[in-house]
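Notes to accompany the following structure.
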Amino acid sequence: MKTKLLIVDDEIDMLRLLKRSIAQDLDCEVEIALSGCDALRLIQSKPFDMALVDIRMPGMDGIELLERIKQLDPWLTVVMMTAHGIIEIAVESIKKGAYDFITKPFEHDDLIRMMKKALERGRLLRENLNLRKRIKESETFQDFIGVSTEIQQIYDKIQMISKTDVTVLITGKSGTGKNLAAIAIHDLSPRSTKPFVRVSCPNVPENILESELFGYTKGAFTHALQNKKGLFEKASGGTIFLDEIGDISLSVQAKLLQVLEDKEFKPLGSTKTISVDVRVIASTNSDLEAKMEQNDFREDLFYRLCVVDIKMPPLDDRKEDIPLLVEFFLTKYCTIFNRKKKQISPELMEIFVTRNWNGNVRELKNVLKKAVIMTPGDEVKPINIGWNAPQKNVFSLNGEGNLPYRDAKKQALQHFNVSYISSLLQRSGGNVTKAAQICGLERQSLQQIMKKSGIKSYEFRKGASN
């Protein structure tokens, strides 16, 4: 489907000239409008990828039209055309949502370059919107599960950087999905049909990691009986994923830096340089900045790796995703182990949502695998996985029965508010916004109840669990 462009100007000769030249140079469908009102009617009747709008027009000027366009379609990319005398107004249009402006009289080549950039920006925005829609509908993205703000931000970042060839450093605790993120970047990239080579750096002995990465020639060392291609060469054209890169030695770091800078290396024992076209993605659960301070990790390599960084959120920071993850893995393992579909009991789900997951999603997966294997019935209860059921707070009148009904009710409600909200704030580490999300109240409503009950959020922050 061809790109659709709208040009708005009150000069018919200018419109015809632009339509003819732009349609040819950009291979797109161009429609024209002689006024702001005509432009709005067209935008309401059909979708456009971009609008080129003159600022100075009789009646509705370009600035007013821009504001109306943004109300109709906030994601439509708009470029303004302006004369030399009204540059300040053009700058103001940027603040109101225009992508850019070009000053008349302009060179045609300059206009085409700007429009290509604007159209690419619009394309990426539309892709992102479509991605968000698919994620919202399916609650999944490239084998990730979740709809929390934290994981949605990861989806957006992966989508944006996958189209480029930049080196990426993925950080996060064990079990947060660093491997999934690397695979998603590769699968969504132009390199998706080429190899994806994963290297688990801690699992390769230090003395042979260099030869594994860069290969060797026959006779390079004892037992080198033939030439061997390294993993970088095997990944050529695709992606190499260096998992837990914080564990590699300084000598391998030096050679890796050379590959990142020059896109070439020499196998062990060889005088011949091999050039490679490979994208590098690295991950770590280590504090590389601390390692740099201790001279255990090269600073120049760190900045070469960390062109773009992705910080994977721990499961404790996206607890609203836990029910989705539980349902997904429960279904998956019931299928794998050929078990009848099971469900999680309310008391076990309460434990899942409130406990700390130091092992993150990987720990949750293993618990659910055990639950499917060890549960004979249809409902998984805490006892099936060796856990105790949560202790419930038993409501007691504590003497309120001697009071008039209204006074007793008021006092009982106060006891409930203090107990319930204190428990919420304990779980959220004193974060009122998270507490409100957990209990389903608006943040302002929860704050009002806290104020009436004399509850201070800061009192729960120091002792909050990580």
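Work from the charge dipole of the chain (Cβ charges, +1 for Lys and Arg, -1 for Asp and Glu, about the Cα centre) and give the residue of Leu26, Leu315, Leu6 farthest towards its positive end.
Ranked along the dipole, the leading option is Leu315.
In 5 Å bins starting at 0, how do the alpha-carbon pair distances of segment 159-311 split up by percent?
That works out to 2, 9, 19, 22, 21, 15, 8, 4, 1, 0, in percent per bin.
What is the chain's relative contact order, in percent, from Cα pairs under 8 angstrom and six or more apart in sequence?
RCO, the chain: 10 percent.
Label Ile12 and Lys218 with points 7 Å out from Cα along Cα→Cβ: what is the distance between them in nm?
8.1
What is the gain in length, in nm to one decimal, between Ile373 and Leu257 on full extension, counting 0.36 nm per residue of separation less the C-alpha to C-alpha distance?
This chain segment gains 37.1 nm when fully extended.
May I ask you to sort His108, His223 by Cβ crowding, counting other Cβ atoms within 10 Å and putting the fewest first?
Ordered by Cβ neighbours within 10 Å, fewest first: His223, His108.
Which of the listed residues, Gln444, Leu66, Phe416, is farthest toward the dipole's positive end in the chain, when Lys, Arg count +1 and Asp, Glu count -1 at the beta-carbon?
Phe416
Can you give the helix-only mean residue ellipticity at 222 nm for the chain, where every DSSP H stretch with n ≥ 4 adds -39500 (n - 2.57) and the sum goes over all residues, rounded to the nearest 500 deg cm²/dmol?
Mean residue ellipticity, 222 nm, calculated: -15000 deg cm²/dmol.
Tell me which label goes with the value of mean projected area of the Cα convex hull in nm² computed from the coordinates here: [x] 35.0; [y] 23.1; [z] 25.9.
[x]
Tell me the chymotrypsin sites (Phe, Trp or Tyr not before Pro) within segment 264-338 that lie in a loop according to DSSP and have at most 15 other beta-carbon atoms within 10 Å.
Phe337
Give the long-range amide H neighbours of Met57: residues separated by 5 or more places, or on another chain, with amide H under 5 Å away, using H modelled in the peptide plane at 1.01 Å from N.
Gly62
Expected output is a single nm value to one decimal: the length gained when fully extending between Glu363 and Thr335, i.e. 0.36 nm times separation in residues minus the C-alpha distance. What is it?
Gain in length upon complete extension: 8.1 nm.
Assuming R0 = 56 Å, what is the FRET efficiency of Thr354 and Ser35, from their Cβ-Cβ distance, to the nearest 0.05?
0.40
Sorting Lys104, Lys95 on the 10 Å Cβ count, fewest up front, what's the list?
So the residues, fewest neighbours to most, are Lys95, Lys104.
Placing +1 at every Lys and Arg Cβ and -1 at every Asp and Glu Cβ, with all other atoms neutral, what dipole size does segment 400-460 have around its Cα centre, in debye to the nearest 20?
That gives a dipole near 120 debye.
None of the figures in this text is laboratory data; all of them are computed from the coordinates on show. What you see is a predicted model, and the numbers here were worked out from it, not measured in a lab. Methodologically, a virtual Cβ is constructed for each residue, glycine included, from the backbone with ideal geometry; neighbour enumeration extends over all protein chains shown.
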